[in-house]
Amino acid sequence: MAMAGPMAPFRHEAVLYESDDGFLDRIGQFVREGISAGEPTLVMTNARKIAALRELLGGADEDVVEYRDMEVAGANPARIIPAWDDFATRLSAGGARRLRGVGEPIWAGRSAAELVECHWHEALINRAFANLRGFWLVCPYDIGTLSASVVDDARRTHPLTTDGEESTADGAHNPNGRELVPTRPLATALDQPQRVVAQLRFDSGRLADLRSLVATEGARTGLSAAQIDNLVVAVNEVATNSVTHGGGSGAASIWCAGGAIVCEISDAGTIIDPLADRTRPSGAPTDARGLWTVNSLCDLVQVRSSSEGGSVVRMWMHGNAGYAHQEEAA
Amino acid sequence: MGDPLKVHGVYTRYHVWRSKLYRGTVRLLAAHRRSAADDAIGEDHIDQCRFQYAFDHAPVPCAAFQSLPFIAATSYGKPLGTHIAHAHLRAGESGRNQFYPRCVLGGNRERLRWVANVGPGTVEVARSLQAEFERVAARYRPRLIAAKATLLNAPPPRRGQSRDALAALIRDFLVEVDTFINRNTARISQTGFSPESLTAMATRGLLEWQGDRRLDLRSIDQEWIGQTPPSDELAGSEVLDACGLLITRMDIPPELRLTGQIDQANLGALAAALDDARPTGTPTMIDLSGLTFCSVGGMRILVEAAASGNIQLVGIPPHLASAFSAAEFPAAGVA
């Protein structure tokens with residue numbers, strides 16, 4: 001019986017599937033096993049698959065299985081680890097010793113920048129939950145719609161990959177296992193922007209100028225009023241970090257990419273903890289919560305840092321669909 | 001009430017056009033709003049606008065700046081030109097028969113409260129829409145004014161021809177206006193208009209203008225621009241101006257009113273003001289409704305002050321609500 005004996009270490013497993021039937025077949029079985037063992041389970045995938053899965057389970061999931069729409073809760077991949085963390089913390093406090101999760105962070109509609117962050121997220125999962133014994137997280141990958149390179153990356157970020165009946169431990173693909181628990185992936189370079197529309201060097205006296213620049217450019221990109229207000233708070237937060245911890249000043253660049261506005265703040269500081277932006281602040285108001293807040297206000301946040309190159313934080317906000325034409329002809 | 005703003009007088013101290021306009025009788029047209037705001041402000045309102053810059057270039061240092069076309073014309077109906085001016089301008093009287101455009105928002109505090117009331121993001125969306133619409137309208141506005149002036153100055157036998165020319169121009173312009181509105185329905189809705197009502201307003205306004213003897217063309221978004229600025233002068237209060245944040249202190253009942261922006265530059269001043277407020281016996285209300293911006297560090301100071309007791313936070317503005325909840329502070333004393 002699984003409950004006896006020492007609890008199994010954290011298990012992070014990629015499951016390759018094809019088509020909705022393939023998903024229901026594999027994931028349905030995984031969730032059913034959890035239900036019959038009385039192991040609380042959280043399923044994070046899109047709304048359509050959640051509905052299909054619930055229909056398949058036919059009420060057996062009551063009280064044991066929770067669901068969250070990944071396209072909402074995990075639209076920004078940096079919000080997914082906090083979601084698992086919340087689930088694990090809450091259920092462990094309630095006495096659960098074994099937990100199951102189904103998380104599908106990558107789907108065919110993800111943009112290139114989102115994909116980069118999704119793989120980064122998958123790698124960070126290994127670090128974030130390394131000590132959480134009894135947690136079994138399965139990440140379904142739809143090989144019917146995803147490109148081969150995406151699936152290859154998934155094999156590298158998961159210690160265990162199941163394809164059909166065959167399971168492959170990470171050793172076969174990744175002899176050193178280095179990528180599985182990232183140490184310095186924060187130093188990976190980001191793509192250079194195509195055409196920067198605004199730049200500003202700032203110090204503590206120019207934060208207000210930076211905020212109005214972001215608001216103006218946000219409006220020109222077609223952001224809604226609420227998105228502008230959120231982006232301004234986010235950019236100000238990162239720029240304040242530059243002023244207080246990143247050498248007293250920084251540089252801001254703004255550009256458009258695929259209907260989104262991107263605001264980049266770079267400074268001379270170094271961010272050491274790769275989980276810094278996804279660690280929930282504890283109850284005390286004095287806890288650092290800048291990057292945490294930024295992640296929940298923006299559609300996508302990319303953090304890069306190295307002791308040689310300083311830090312770069314890119315914040316993405318998606319504008320109105322169909323607004324790309326407003327990019328000025330000037 | 002239906003008349004446009006007509007100012008007959010000598011411009012004596014209007015910095016924007018001092019060099020551009022003739023001395024002489026002119027009409028100040030178009031940058032006109034009629035609303036409850038105008039009546040509320042009254043004739044004794046003193047213009048305190050500190051922002052002296054050429055509106056045509058509008059680098060927007062004023063928090064409440066909104067561009068609106070401003071047309072000056074001679075009293076004979078000859079247009080002198082269109083300028084981009086602050087939407088909140090109206091005519092002020094500086095002496096006997098002397099007028100100048102002044103800002104109805106008055107001082108910095110009224111400006112900040114107006115922005116906080118509307119929401120800074122909404123102001124930016126409206127600014128952006130106005131700038132884009134101006135690019136469309138700029139092609140038509142001078143032609144419309146010229147056509148109207150021709151009609152007004154034409155001898156009766158030639159009026160029919162001029163009238164037809166003006167009508168045709170208005171029809172073309174309305175098509176452009178309609179296209180613009182349809183292309184931007186989502187953003188227009190955010191500024192508090194329904195696109196349908198805006199189309200109807202533009203059509204009605206232009207058709208009325210076509211038939212009357214006015215030369216000026218009123219803007220189609222005056223209702224929004226005219227939203228009443230919250231004007232509550234506080235008697236016996238003490239105001240501290242700390243790097244973009246106005247801290248107004250009232251003793252009975254104990255209250256701190258925060259207006260403007262909280263960021264790294266004034267965290268110290270804010271913390272000091274909150275410290276001073278704490279020792280009183282009755283709880284101090286901290287009114288946040290005038291905040292145009294608050295950094296997470298500012299939120300932290302406010303929440304900490306509330307958690308340590310005797311301080312109650314009220315009136316978190318809607319545009320800061322999602323940032324407040326995203327920061328996930330423990331709920332304490334936040335109303």
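Coordinate-derived values only; no laboratory data. Small disclaimer: the values here were computed from a predicted structure and weren't measured. Methodologically, a virtual Cβ is constructed for each residue, glycine included, from the backbone with ideal geometry; neighbour enumeration extends over all protein chains shown.
Charge tally around B:Val303: other residues with Cβ under 12 Å, Lys/Arg +1 each, Asp/Glu -1 each, net -1.
Work out the mean other chain Cβ neighbour count within 10 Å for the residues of A:207-214 and drop it here as an integer.
Working: counts 8, 8, 1, 1, 6, 7, 0, 1.
Partner-chain Cβ atoms within 10 Å, mean over residues of A:207-214: 4.
Shown here: the stretch A:1-109, whose C-alpha atoms stretch 42, 30, 24 Å along the first, second and third principal axes, sorted largest to smallest.
Here, the stretch A:24-66 is characterised by an Rg to Rh ratio of 0.91, where Rg is the alpha-carbon radius of gyration and Rh the Kirkwood radius.
The Cα atoms of chain A give a gyration tensor whose axes a ≥ b ≥ c have a/c of 1.5 or more with a/b greater than b/c, which makes the shape prolate. Counting beta carbons within 10 Å around each of A:Val196, A:Val43 and listing the fewest first gives the order A:Val196, A:Val43.
So which GluC sites (Glu not before Pro) in the stretch A:9-113 pass both tests, a DSSP loop state and at most 16 other Cβ atoms within 10 Å of the Cβ?
On the way: sites: A:Glu13, A:Glu18, A:Glu33, A:Glu55, A:Glu62, A:Glu66, A:Glu71; in loops: A:Glu18, A:Glu62.
Counting only loop positions with at most 16 other Cβ atoms within 10 Å, the GluC sites (Glu not before Pro) in the stretch A:9-113 are A:Glu18, A:Glu62.
By the count of neighbouring beta-carbon atoms within 10 Å, fewest first, A:Ile81, B:Ile188, B:Ile316 end up ordered B:Ile316, A:Ile81, B:Ile188. Among A:Ser305, A:Ser296, A:Ser224, the largest mean-square fluctuation in a Gaussian network model of chain A, built with springs joining Cα atoms closer than 10 Å, belongs to A:Ser224.
The GNM of chain A, with springs linking C-alpha atoms under 10 angstrom apart, assigns the highest mean-square fluctuation among A:Arg133, A:Arg79, A:Arg304 to A:Arg133.
Within the listed set A:Gln29, A:Gln192, A:Gln302, the residue fluctuating most in the Gaussian network model of chain A (springs between alpha-carbon atoms under 10 angstrom) is A:Gln192.
Evaluate peptide B:116-123: per residue, the Cβ atoms of other protein chains within 10 Å of its Cβ; return the mean as an integer. Intermediate values should be presented prior to the final figure.
Numbers: counts 0, 0, 1, 4, 7, 13, 6, 4.
Rounded to a whole number, the mean comes out at 4.
Modelled this way, with points 7 Å down the Cα-to-C-beta line, the labels at A:Ala189 and A:Asp63 are 5.8 nm from one another.
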